[in-house]
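**Student:** Attaching a single structure in structure tokens format; questions to follow.
Rule-based calculations on the coordinates, nothing more; no lab input. Quick caveat: nothing in here was measured; it's all calculated off a predicted structure. Note: ideal-geometry Cβ built from the backbone for every residue, glycine included; neighbour counts use all protein chains shown.
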């Protein structure tokens, strides 16, 4: 019996950790293709936004949602009223939901452990190298569309998928605190426009 156990033990300890040696490229290709393909990913674009801070889907009584128009250039440009936002972590969240982070040469992407979010079975992709700390993107197993992003102390949930100029995007997102699963930011994209170049007068950081 001991002779049989030794080879078995050797085999088990030689199995790599989940995702360690599994090539993520086919998975990346799949999720990118589902939203329209690499050529259609949003790189320079303008969005209209409506949002509010709080733990409820509606603003507190007597308060209104805020609106703004943003121009973005992935991965590190975000302008509001002509002013670039500088060191703003939300740039990386946008880079993630546009999926550009998955195909960046500096990104190291690994498969993450499967996850269930709001009853939806998801597969995950963990990204490091181009971002610190690492970020995990979870995709609906049925649709391969982005369901959730976990990064730092927060996570996003995405919904209300729409399409613009050949690319799909989630129009609504809610930001939660990981420590207590409480929402604190509600966001909706009300308009989107792909741009061929940055509008005149905007200066890159």
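**Student:** With contacts defined as alpha carbon pairs under 8 Å and 6 or more residues apart, what's the relative contact order of the chain in percent?
**Tutor:** 23
**Student:** Where Rh is the Kirkwood radius over the Cα pairs of the range 73-121, the temperature 20 °C and the viscosity 1.002 mPa s, what D in µm²/s does Stokes-Einstein return?
**Tutor:** Stokes-Einstein gives a translational diffusion coefficient of 165 µm²/s.
**Student:** Quote to one decimal, in nm, the extra length available between residue 30 and residue 128 on full extension: 0.36 nm per residue of separation minus the C-alpha distance between them.
**Tutor:** 33.3 nm
**Student:** Evaluated at 25 °C with a viscosity of 0.890 mPa s, what Stokes-Einstein diffusion coefficient in µm²/s does the range 98-205 have when Rh comes from the Kirkwood expression over alpha-carbon pairs?
**Tutor:** 159
**Student:** Over the Cα atoms of the range 93-147, what radius of gyration and what Dmax do you get, in Å?
**Tutor:** For the range 93-147, the Cα-based Rg and Dmax read 11.1, 33 Å.
**Student:** For residue 43 and residue 154, compute 0.36 nm times the residue count separating them, minus their Cα-Cα distance, and round to one decimal in nm.
**Tutor:** Between residue 43 and residue 154, full extension yields an extra 37.5 nm.
**Student:** Work out how far the C-alpha atoms of the chain reach from end to end along every principal axis, then list the three figures in whole Å, largest first.
**Tutor:** 74, 41, 31 Å, listed from the longest principal axis down.
**Student:** Still on this structure, I have one more. Report the paramagnetic label zone for residue 190: residues of the range 70-105 whose backbone N is under 18 Å from a point 7 Å from Cα along the Cα-to-Cβ axis.
**Tutor:** In the range 70-105, the label zone of residue 190 (backbone N under 18 Å from the point 7 Å along Cα→Cβ) covers 70-72, 80-82.
**Student:** While we're here: Take the Cα coordinates of the range 143-193, assign each an equal point scatterer, and use the Debye formula without solvent to give log10 I(q)/I(0) at q = 0.20 Å⁻¹.
**Tutor:** Each listed q maps to, in turn, -0.71.
**Student:** What 222 nm value per residue comes from the helices of the chain, counting each DSSP H run with n ≥ 4 as -39,500 (n - 2.57) and dividing by all residues, nearest 500 deg cm²/dmol?
**Tutor:** -5000 deg cm²/dmol
**Student:** Distance in nm between label sites at residue 22 and residue 88, each 7 Å beyond Cα in the beta-carbon direction?
**Tutor:** Spacing of the two 7 Å Cα→Cβ label points: 3.6 nm.
**Student:** Can I ask one more? Could you work out the relative contact order of the range 159-205? I mean the mean sequence separation of Cα pairs under 8 Å and 6+ apart, divided by the number of residues, in percent.
**Tutor:** 26
**Student:** Distance from the Cα centre of the range 57-95 to that of the range 117-186, in angstrom?
**Tutor:** Cα centres, the range 57-95 to the range 117-186: 17 Å.
**Student:** Let me ask something else about it. Counting only C-alpha contacts under 8 Å and six or more residues apart, can you give the relative contact order of the range 33-96 as a whole percent?
**Tutor:** Over the range 33-96, the number comes to 26 percent.
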